[in-house]
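Quick note: the coordinates plus some simple rules give every number you see, no bench work behind them. Just so it is clear, the structure is predicted and the values come from calculations on it, not from any experiment. Please note: Cβ atoms are built from the backbone with ideal geometry, for glycine as well, and neighbour counts cover all protein chains shown.
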Amino acid sequence: MFPLWLQAGFWGLVGGCALIIGAMLGYFVKIPQWAIAAVMAFGAGVLISALAFELIDKAYKTGGFDSSVSGFLGGAVVYTAANWYLAHQGAKHRFNIPEGLSSAAGMK
């Protein structure tokens with residue numbers, strides 16, 4: 001059996017290597033747009049579930065059911081409205097940089 005500090009160091013190294021490998025894949029491999037969207041949707045679901053399990057339980061114990069639900073839904077509505085507003089103000093085109101500007105900024 002290995003000491004606990006050595007096990008922790010090993011698993012930290014494994015996690016760090018996974019980050020480096022993922023970064024290299026993202027840099028060198030052309031990833032389809034649908035795959036990026038799927039990973040981002042999964043990440044959003046994980047964050048929402050973490051919010052639900054950690055914060056909603058604490059809010060329910062502190063403020064009750066009505067306050068917890070109204071706060072959670074109110075935050076979702078505000079986020080959705082802000083996302084819709086920004087998309088309609090041109091934020092959906094934020095990555096479409098004209099050719100002259102992208103080369104001048106050192107992006108190519």
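A straight chain from Ser70 to Ala87 at 0.36 nm per residue would run longer than the Cα-Cα distance by 3.6 nm.
Model label sites at Ile36 and Leu13, defined 7 Å from Cα along the beta-carbon direction, differ in position by 3.4 nm.
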